[in-house]
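Q: Pasting a structure here, questions to come.
Any read-out appearing in this document is the output of simple, stated calculations on the displayed coordinates, not a laboratory observation. The shown structure was predicted, so the numbers you read here are calculated from the model rather than taken from an experiment. Cβ: placed from backbone, ideal geometry, glycine included. Neighbour counts: every protein chain shown.
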Amino acid sequence: MKTILVSGGAGFIGSHLCTRLVNDGHYVICLDNFFTGTRMNIAHLKGNPMFEFVHHDIEQPYYRSGIDEIYNLACPASPVHYQFDAIKTIKTSTIGVINMLGLAKSNGAKILQASTSEIYGDPTIHPQVESYWGNVNPIGYRSCYDEGKRCAETLFMDYHRQNNLTIKIVRIFNTYGTRMLPDDGRVVSNFVVQALQQKDITIYGTGKQTRSFQYIDDLVEALLRMMATENDFIGPVNIGNPEEFSILELAEKVIALTGSKSKIVFEPLPYDDPKQRRPDITLAKEKLNWQPSIKLDDGLVRVINYFKEPRI
Ligand code: NAD
Ligand code: UDP
């Protein structure tokens, strides 16, 4: 049994990770400020003696001993939410990350950073490999997130080099699944909710831009495998599903799988929206012996069923 801290543990990915870690027999401390996370996401863990929730904003230092591992997931991930208070987003990825690294240092704990495919920006090479340095606008609307996450990777590397911290960096590509908020703003939840409510499906731009969608269970498995690698394997490592779809294809799939009568409408493309994105997962296959196993159609059916359930 390990004592494992998950920051952002009440969010979409964090709640699935906490659940898996508790089920695996670990003591889990979940830190969250409920910016985009909810009590509902962790309601099933309430009262479990192996789970502790701490209402905490990682921009403030957190002092605790006895921690073996830290997963740093705290940060809004949907463009709508991370642009809502851009300055806070940057603080979370810089001051907040320094606080989590300090906590790891004082505990001698291993720490994993949930980085993102956004650090590649609007990529000029395709698919994206970890050695690519990216094509990121430093002054745009997405920069608070993209540059914040890039700085977080830098901080992780400097704490490793200067303080000998054991670190892990994963670059997560678009992930979807149950427990996303209906108003999360990201494309899969938007389209599924719109289709189920027979509302227009809002494609931004032409819908020719591409993404590669990974189901949450595949990601959680990869996070655990990454944490368990030898101390000298740091990453960064891409974690995503290399099957690539246009946003128009995604909309058509959602309409077909829900049997919805929704119409597709086209709205303006947000600033700096990447045109294409697909991970090269050669490194993850080699080092983690991992590859995604859940097909987009199967994952979408699970999400559709989830959003069909009545919400309190
Ligand atoms: P999410 O918004 O559902 O979860 C983020 C969680 O962090 C929420 O519970 C939120 O309340 C919490 N949080 C935000 N700022 C905080 C702060 N200052 N202090 C404490 N808690 C804070 O998003 P998610 O999809 O679960 O993403 C989790 C992590 O994974 C994020 O770091 C995100 O950048 C990364 N990521 C996600 C994806 C994806 O497709 N879902 C892709 C790449 C990277
Ligand atoms: N998108 C869309 N309609 C929506 C939400 C998003 O067409 O209702 C597009 C968005 O412009 C982007 C893609 O879907 O091209 C993925 O968007 P998301 O916000 O899910 O993630 P990210 O852009 O961060 O990859």
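Q: Name the one entry in F84, F53 that is over 25 Å from A284 (Cβ atoms), free of Cβ contacts under 8 Å to residues at least 24 places away in the same chain and surrounded by fewer than 23 Cβ atoms within 10 Å (Cβ to Cβ). Steps first, answer last, please.
A: Details: F53 fails: free of Cβ contacts under 8 Å to residues at least 24 places away in the same chain.
Exactly one residue qualifies, and that residue is F84.
Q: How about segment 100-126: which of its residues are within 14 Å of ligand 1 (Cβ to nearest atom) and either in a helix (DSSP H, G or I) or touching a Cys at 6+ places or on another chain (Cβ under 7 Å) (or both)? So that I can check it myself, show each step before the final result.
A: Residues of segment 100-126 within 14 Å of ligand 1 (Cβ to nearest atom): 100, 103, 111-121.
Of everything in segment 100-126, those that are within 14 Å of ligand 1 (Cβ to nearest atom) and either in a helix (DSSP H, G or I) or touching a Cys at 6+ places or on another chain (Cβ under 7 Å) (or both) turn out to be M100, L103, S117, E118, I119, Y120.
Q: If the requirement is being crowded, with 24+ Cβ neighbours inside 10 Å and farther than 22 Å from N174 by Cα, which of these qualifies: I4, I29? Steps first, please.
A: Values: I29 fails: crowded, with 24+ Cβ neighbours inside 10 Å.
So the residue among I4, I29 that is crowded, with 24+ Cβ neighbours inside 10 Å and farther than 22 Å from N174 by Cα is I4.
Q: For segment 51-64, state whether one or more residues are more than 16 Å from ligand 2 (Cβ to nearest atom), under 26 Å from D184 (Cβ atoms) and part of a helix (DSSP H, G or I).
A: No, because not a single residue in segment 51-64 is more than 16 Å from ligand 2 (Cβ to nearest atom), under 26 Å from D184 (Cβ atoms) and part of a helix (DSSP H, G or I).
Q: On to the next question. Which residue is farthest from ligand 2 (Cβ to nearest atom), if the candidates are limited to segment 185-221 and must be at negative phi and part of a loop (DSSP other than H, G, I, E, B)? Full working, then the answer.
A: First, pick out the residues of segment 185-221 that are at negative phi: 186-197, 199-204, 206, 208-221.
Checking which are part of a loop (DSSP other than H, G, I, E, B) leaves us with 186, 197, 199-200, 206, 208-209, 213.
Numbers: R186: 3, Q197: 13, K199: 11, D200: 10, T206: 10, K208: 10, Q209: 4, F213: 9 Å.
Filtering segment 185-221 for residues that are at negative phi and part of a loop (DSSP other than H, G, I, E, B), the one farthest from ligand 2 (Cβ to nearest atom) comes out as Q197.
Q: Continuing with this model, one more query. What residue, among those in segment 128-184 that are among the aromatic types (F, W, Y) and away from ligand 2 (no atom under 16 Å from the Cβ), is surrounded by the fewest Cβ atoms within 10 Å (Cβ to Cβ)? Reasoning before the result, please.
A: Of the residues in segment 128-184, the ones among the aromatic types (F, W, Y) are 132-133, 141, 145, 156, 159, 173, 176.
So of that shortlist, the ones also away from ligand 2 (no atom under 16 Å from the Cβ) come out as 132-133, 156, 159.
Details: Y132: 17, W133: 10, F156: 26, Y159: 21.
The qualifying residue surrounded by the fewest Cβ atoms within 10 Å (Cβ to Cβ) is W133.
Q: Taking only segment 87-127 into account, find how many residues are among the β-branched types (V, I, T) and either within 16 Å of ligand 2 (Cβ to nearest atom) or free of Cβ contacts under 8 Å to residues at least 24 places away in the same chain (or both).
A: Quick first cut of segment 87-127, residues among the β-branched types (V, I, T) only: 87, 89-90, 92, 94-95, 97-98, 111, 116, 119, 124-125.
Checking the rest, the ones that are also either within 16 Å of ligand 2 (Cβ to nearest atom) or free of Cβ contacts under 8 Å to residues at least 24 places away in the same chain (or both) come to 89, 116, 119, 124-125.
Residues meeting the conditions: 5.
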